[in-house]
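Have a look at the structure below before the remarks.
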Amino acid sequence: HPGLGAEFALREPYDVHAFCAPPGSLLALYTDGLVEDPALSIDEGIDRLTDAVSSVHPWDALDQAARRVVSAVAPRRRRDDVTLLIARMIGYRKEDTATWRLPARGDAAARARTLVSELLGQWSAREHTRDSVLLVVDELVANAVRFAGGPITVRLIRTGHGLLCEVGDTGNGRPRLGPSGLLDDAGRGLHVVHGLTTRWGVRWTDTGKVVWASVER
């Protein structure tokens, strides 16, 4: 899958680099309009952006921090579009995560529910949180079995605000939230996930994709 800037990536070869960063690190993605200033070299513009992002406090709200960075760095007379995306990289303790690998069989969803239910009991999760997480896991695993195949990875992460459910498979299709009628058999799973979670989405991996969903405690 082409990365960000896909239009360029499809026309020119590009390298993929993997790196590790400590929890709390900030990742800044920006367009060149943010660092291009007639009064400065491009390297000086990037250095100014690096200094501005480095000054963001670990607990600052990222939307407000992004506005401050743009205000401090963007050229006064803009000749190009200016876009900045800041993401905070979060780490989790080993005792706050659990991962299971399951074969893509008809009983995979039931097996996943049993495993997750046992863990939620150990974590003393509230009943309504437990019910929501089990429904989300059931739907995501069932979708993975039906549409992707291959081994399935289920991961549950306990965060500061809730629980993060992840289901990985070997498929490359993007799940989409489409219209679904009351009598439709297919397409209702993602509506269930959408209704029970605060956020959900998809990320690509070397072997397929991961569908994730966040449930508040």
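The values are calculated or read from the model by the stated rules, or taken from the named source; none is laboratory data. Just so it is clear, the model here is predicted, and its values are computed rather than measured. Note that we place each Cβ from the backbone using ideal geometry, even for glycine, and neighbour counts take in every protein chain shown.
Values as computed for the structure displayed
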item	result
Residue satisfying all of: in region 127-156; under 18 Å from Gly171 (Cβ atoms) and basic (Lys, Arg); surrounded by the most Cβ atoms within 10 Å (Cβ to Cβ) among these	Arg155
Scan of region 35-78 for residues that are in contact (Cβ under 8 Å) with a residue 40 or more places away in the chain and among the basic types (Lys, Arg), ordered by number	Arg78
Flag if Leu49 is touching a Ser or Thr at 6+ places or on another chain (Cβ under 9 Å) and either more than 18 Å from Thr153 (Cα to Cα) or modelled with pLDDT of 95 or more (or both)	no
Within region 101-126, considering residues that are part of a helix (DSSP H, G or I) and either at pLDDT below 95 or touching an Asp or Glu at 6+ places or on another chain (Cβ under 6 Å) (or both), the one nearest to Arg174 (Cα to Cα)	Ala109
Leading residue by the ranking (farthest from the chain's Cα centre (by Cα)) among those in region 127-170 that are assigned to a loop (DSSP other than H, G, I, E, B) and of a type in the set (Ser, Thr, Tyr)	Thr170
Matching residues in region 19-41 - criterion: being farther than 17 Å from Ser54 by Cα and either of a type in the set (A, V, I, L, M, F, W, C) or in contact with a Phe, Trp or Tyr (Cβ under 6 Å, 6 or more places away or on another chain) (or both)	Phe19, Cys20, Ala39, Leu40
Verdict on Ala87 being in contact (Cβ under 8 Å) with a residue 40 or more places away in the chain and within 26 Å of His161 (Cα to Cα)	yes
Hits in region 188-202 (condition: assigned to a helix (DSSP H, G or I), at pLDDT below 90 and out of contact with any strand residue (DSSP E or B) (no Cβ under 9 Å at 6 or more places or on another chain))	Gly189, His191, Val192
So Leu26, is it touching a residue at least 24 places away in the same chain (Cβ under 8 Å), of a type outside the set (Ser, Thr, Tyr) and within 28 Å of Thr205 (Cα to Cα)	yes
Region 59-78, subset charged (D, E, K, R) and exposed (fewer than 10 other Cβ atoms within 10 Å of the Cβ), residue modelled with the highest pLDDT	Asp63
So Glu166, is it free of Cβ contacts under 8 Å to residues at least 12 places away in the same chain and either among the charged types (D, E, K, R) or not assigned by TED's automatic domain parsing to the domain that holds Trp204 (or both)	no
Test: residue in region 17-31 that is at pLDDT 90 or above, in contact with a Ser or Thr (Cβ under 7 Å, 6 or more places away or on another chain) and not in a loop (DSSP other than H, G, I, E, B)	yes
Test: residue in region 83-93 that is assigned to a loop (DSSP other than H, G, I, E, B), hydroxyl-bearing (Ser, Thr, Tyr) and under 16 Å from Thr197 (Cα atoms)	no
